[in-house]
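Notes follow once the structure below has been shown.
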Amino acid sequence: QVQLVESGGGLVQAGGSLRLSCAAAGRTFSSYAMGWFRQTPGKEREFVASISWSGGIIYYADSVKGRFTISRDNAKNTVYLQMNSLKPEDTAAYYCAGRWVGQPTMSRDDYAYWGQGTQVTVSS
């Protein structure tokens, strides 16, 4: 089992940048595919980005492609989400998720481990 804790959220103006971090504790972090999802009130949690254990496979939602970058540092047990050119529609609670010994996917149902979330608010 792995425990995940997100940080780095906050309030930013449109066009600005934020970097989210997700620190993992517990079983071997490098064995997990990791993902970032986001959710706004009244809507389902949606996929943002995911990365394989090695970093060699990465997926992005079309809505963030070219603006967001997912990366990981297995030595630090941390996965990152660099968010640039932020838009008001990126406002959401952002969650990191872990998938034990599997390829990264874009489906939230494939991830068994979740952090508590960090709020990102983009003002226009």
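Some observations on this one:
- For a paramagnetic label modelled on Ser54 (point 7 Å from Cα along Cα→Cβ), amide N atoms under 17 Å away belong, within region 93-108, to 101-105.
- Sum of side-chain charges, Ala61 neighbourhood, beta-carbon under 10 Å (Lys, Arg +1; Asp, Glu -1): 0
- Relative contact order of the chain, defined on C-alpha pairs under 8 angstrom at six or more residues apart (%): 37
- The trypsin sites (Lys or Arg not before Pro) of region 9-63 meeting both criteria, a DSSP state outside H, G, I, E and B (loop) and at most 11 other C-beta atoms within 10 angstrom of the site's C-beta, are Lys43.
- Here's the list of lysines a cross-link from Lys43 could span, going by alpha-carbon distance under 30 Å and ignoring same-chain residues fewer than 8 apart: Lys65, Lys87.
- Among Val79, Val48, Val64: highest mean-square fluctuation, GNM of the chain, C-alpha pairs under 10 Å: Val64
- If you take the Cα centroid of region 87-124 and the Cα centroid of region 8-62, the two points sit 5 Å apart.
- GluC sites (Glu not before Pro) restricted to region 1-48 and DSSP loop, no more than 13 other C-beta within 10 Å: Glu44
A short reminder: the numbers here are calculations on the coordinates, not readings from a lab. These numbers come from a predicted model, not from an experiment. All Cβ positions, even for glycine, are placed from backbone atoms using ideal geometry, and neighbour counts span all protein chains on display.
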